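The values are calculated or read from the model by the stated rules, or taken from the named source; none is laboratory data. This is a predicted model, so every value here is computed, not measured. Cβ placement follows ideal geometry from the backbone for every residue including glycine, while neighbour counts extend to all protein chains displayed. To get the accessible areas, we keep the full protein, side chains included, count just its heavy atoms, and leave off ligands, DNA and RNA. Shrake-Rupley method; radii C 1.70, N 1.55, O 1.52, S 1.80 Å.
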Amino acid sequence: MQKFLWLFFVMGSLNVDAQVFIENKTQHRFAQTYIGLNVQTVPASGRLVWDNQSQSFPTHILPRLTIGGLHFWGKLDFNMNIPLGVLADDNLTEEGTLAFNTGADLSVRYYPWRLKYDRLRPFVGVSFNTMQLSLGDAVQGERIEGFITSSFLAGLAFAHRGWQISTEWMFMPQNARDFYSDRQQKHRFKLPQSYFSVGLIKYFDFTLGEEKSKQSGRTKAIEEQLLAQGKLNSFSLGIAPNGSYFTSAPTFSGNIESLPRHKGSFNWEFGLGYLFHKAKLHAGLTYRNYSSNSLSYNLEHVIRREALSLEVFKFLWDYHGFVPFLGASLSAERWATGLFEDDVQQGDTQRSRIFSPGFIFGWDILPSPLETWVLRTNLRYYPFQRIQDIDGKRSRVDQFEFNFIQFVFYPSRWINVRRAKRAH
C-alpha cells in the first residue's frame, strides 16, 4: 500500500496545469495518462442462502489504485482499478465465513460534454469486473468461485489544474448466481447490485514536448533520414499484466459437480519482436505461463498452461496517434490437468501439446513516428482449443486474452533516434 501511495505522489509532481486538448486537437494532445486512488463502498445488500439460512452480504470498503487515460480530446476515458485491500466482516456464523471481493475491473467512461477544468461534467459508461466469492468452514473446507460481470456506470467529475475528483455509481443488472453450500446442495443467490466510489486522480503527459519538433518540420526531416538509412526498423521488448479468460471450459458431473467452472487467470506476458517501420508490420514471440484452480470443499481441479506464440500484425491507420492493428497468432502450447481430493491427486496428470491458431488485434498510442517506446493494448482469441482432461476425455479450453497496457520498448531505434536528434 505504501509503495502505491509513493507512486501516486511521485506522478502527481508531473504537472499538467493546462488542458492542452482545449487549445488544439493534435495527436500530441489526443490522450492524457493518469494515476490515482479511489475508495469503493459496497453497502450491505444482496442475499446468500445456505443450509436453510439467509445472509446479506456485509458492507465492503475497498481502497483501489486507478490507472487510465483520457482519450479523444477529453471525450473517452479508459481505466483499470486494482484493489489494494478490503475492509469487511467475513463472519457468517461461529463456524463459517463468507469472503466477497469485487476484484479488478476495466471501465470505459463517455463524457457527453468534453471534460473541462472548473466544470462539473457527467459521464456514463460500462465496466467489466472480476468478483470472487468464497464460503466454507474448518470441517468441510472452502469453495471459491470467480465471476466475470458487466455493469453500467454513471457519475460526475470535476477537474482543476491537472487534478480530478469523481464520484461514480456502478449498477450490475444481472446479479443472480448459483453457488454450492456443500458438494451436493446448490442455491440461487444475489450479489450486491450497487457499488459507489469516490476517487482522486492526477494527469501527466510525456508527449507534448514532441509537438514543437513536428510543427517545425524537424521530426519529418529526421524520420526521412532514418527511413532512408533503414534505421527506423527495430527490435522490440514488451511486458504487460495479462488476463486470460476461458470462453470454453471443462464441465464437471457426478461427485465433482460442485467444482466451479474455470473462468480465467491473471499472469505476466513477455514479448520479443521486430518492427518493420515502412511496411507497418510487427512480428514477434510472446510468452505466457499460468495456472487456473477450481476449488470446492477439499476438491481441486488444476489447469496449467504454457504458451509461446508467433504473432504477426499490421498497423491499419494512424488517427492522431491512435493506431489500431490486426493480425494472426500461432501458439505452441503445453497444457496439464489434474484432480485432487484432500490434497491427494486422483488419477494421473493429463498432458497435452497443441498448436493453436488465433487472432490478435488492438491499438498503440503513438505520439510520434520517432517514438522509442509505446503503450499498447493487445487482445487475442484462440478458438477450438482442445486438451486432454481427467479420465482421458477431451475438453474445450478456448481462450480470450486481454492486456490493458503493455509497455513496448524499441532499443535499436532508441539509439538511432538519439543520435539523429543530436545531429539536428
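Only one entry in A221, A240 is in a strand (DSSP E or B) and modelled with pLDDT of 75 or more, namely A240.
At least 2 residues being of a type in the set (S, T, Y) and either buried (at least 16 other Cβ atoms within 10 Å of the Cβ) or modelled with pLDDT of 55 or more (or both) is the threshold, and among the strands (runs of 3 or more DSSP E) wholly inside region 1-98 those reaching it are 32-42, 53-57.
Regarding R119, is this residue farther than 24 Å from L259 by Cβ, open to solvent by 10 Å² or more (accessible area, probe 1.4 Å), of a type in the set (D, E, K, R) and in contact with an Asp or Glu (Cβ under 8 Å, 6 or more places away or on another chain)? Spelling it out, it is not the case that R119 is farther than 24 Å from L259 by Cβ, open to solvent by 10 Å² or more (accessible area, probe 1.4 Å), of a type in the set (D, E, K, R) and in contact with an Asp or Glu (Cβ under 8 Å, 6 or more places away or on another chain). Of all residues in region 20-48, those that are among the charged types (D, E, K, R) have Cβ atoms under 7 Å from Cβ atoms of residues that are at pLDDT 80 or above and open to solvent by 30 Å² or more (accessible area, probe 1.4 Å), 6 or more apart or on another chain, in R47/K190. Among residues that are farther than 30 Å from R394 by Cβ, touching a Leu at 6+ places or on another chain (Cβ under 7 Å) and at pLDDT below 85, L226 is included. With a requirement of 2 or more residues that are more than 18 Å from F266 (Cα to Cα) and not aliphatic (A, V, I, L, M), the strands (runs of 3 or more DSSP E) lying completely within region 287-401 that satisfy it span 299-315, 322-341, 344-365, 386-388, 394-396.
Scanning region 371-423 for residues that are open to solvent by 10 Å² or more (accessible area, probe 1.4 Å) and of a type in the set (A, V, I, L, M) returns L375, L379, I390, I405, I415, A423.
Just a yes or no: is a residue in region 374-384 touching a helix residue (DSSP H, G or I) at 6+ places or on another chain (Cβ under 9 Å) and farther than 21 Å from P324 by Cβ? There is no residue in region 374-384 that is touching a helix residue (DSSP H, G or I) at 6+ places or on another chain (Cβ under 9 Å) and farther than 21 Å from P324 by Cβ. Please go through region 150-193 and give me each residue that is part of a strand (DSSP E or B), at pLDDT below 90, hydroxyl-bearing (S, T, Y) and buried (at least 20 other Cβ atoms within 10 Å of the Cβ), ordered by number. Selection gives nothing. Within region 339-360, residues that are over 16 Å from P250 (Cβ atoms) and open to solvent by less than 40 Å² (accessible area, probe 1.4 Å) reach partners that are aromatic (F, W, Y) and part of a strand (DSSP E or B) with beta carbons closer than 7 Å, at six or more positions or on different chains, in the pairs S356/Y382; G358/Y381; G358/Y382; I360/F313. Among the residues of region 354-391, those identified as modelled with pLDDT under 95 and of a type in the set (K, R) are R376, R386. Filtering region 244-273 to residues that are aliphatic (A, V, I, L, M) and either part of a loop (DSSP other than H, G, I, E, B) or within 19 Å of D105 (Cβ to Cβ) (or both) leaves A249, L259.
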